[in-house]
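First comes the structure, then the notes that go with it.
Derivation of every value follows stated rules applied to the coordinates shown; laboratory data play no part. Nothing here was measured: the structure is a model prediction, and the numbers come from that model. Glycine gets a Cβ as well: all are built from the backbone with ideal geometry, and neighbour counts include every protein chain shown.
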């Protein structure tokens, strides 16, 4: 089944009560159970898990929820809308699919992660309402204090200054949080966070670093107070004040040099006297770090540290929403099997690149790739192994490309590569590298004969040399690819007219 959880999320804000069952009973299932139980218009109907002592089963029983050791039993739950599959077991998932009523959607691991993040975002959103309520109370107290101060001009002036300052802070904080909820771009949110740190806390230097989990480093997302080159682009998670804030949640060092290397999140650590940082988290997941600093020694007061934490909490919510938005946008243009762009995105992007090439007088090349004898491979070894071939070929393609190039799955076993600012000779060289790289891959790990290899037939065309539009370029390049197949396969053929 698909992971299209968004088909059902409208129930979160409507009068309908969504009836949900969970397959799997590990710690993730227990956590999901508790999150769903807090949503009024979701009813948890059942949980299925073979292990009677699993954490999710124990939690379900405490909550009075029906449990079973057979996922097939979920098919007998009346009025069920959704089954969240957290089993990680292909056999159990197959049984779940086999017994699933037609009207019931199965949401897999990716969909379950999105549901959890959406529920966490809902929970965290309540913090903003609480803060605004507290600020309103503070405002009323200050107003009352002003009315009582009739003892002298100096005291009254001081009270007015405090009132103006506090009201200014309240207004800025309110506008800051309101703006956070309106931004969907990660770059925009990160830029707004450093604006908020400067405006609410009076920070001289501020930066947001986001976690790159693939290489376990913090990467600079936005900064203020110094030129961009002042900040280190990449900071190890284990290093500097950022690493300590990751482990502790928040951290302040009035003397930035008390711990050697702590100020190395800047390229000029000698310029920094004091700094503080707070982690940006969504539940247990670390998103990044907000760090502020100053060239003169500064100790944040207790209220200032609290405001830094509040900024971190609200920024985390906005960042998580922006990251989810980016993820959903990426999924909408990505082929899920190969992680390449899909056919629709390719068509749109090709037209844009053709327009750019036309405006600046550049050449643009297209490479079309078809896996030779793929149907025969599928018939012999099965579609799951065929899927692995598709993924390995897509990896071979992307490994040869530059940052400005992009690849897409055109359909079935066909792929396309768009090479901006590339003439026919350059594109032919890229195509040959792809062909050679694919031919070197063996599929011994698939459990078949060690000498099983796959090849590709490749066509190359260039705009405007052989075609005067994107559609015409696709036609001539496709013809070149089929010419490569007819002439023996495992070769590169250039479109006619070169």
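Just a few scattered comments:
- Taking the fewest neighbouring Cβ atoms within 10 Å as the starting point, the ordered list for 63, 47, 368 is 63, 368, 47.
- Förster radius 25 Å - calculated FRET efficiency between residue 216 and residue 271, Cβ distance, rounded to 0.05: 0.40
- Dividing the Cα radius of gyration of the stretch 5-107 by its Kirkwood radius returns 0.93 for Rg/Rh.
- Here the residues 456, 107, ranked from fewest to most Cβ neighbours within 10 Å of their Cβ, fall in the order 107, 456.
- Computed FRET value (nearest 0.05) for residue 387 with residue 140, which takes r as the C-beta separation and R₀ as 56 Å: 0.30
- Under the shape rule built on the C-alpha gyration tensor, where the axes satisfy a ≥ b ≥ c, the stretch 172-301 is oblate, since a/c reaches at least 1.5 while a/b does not exceed b/c.
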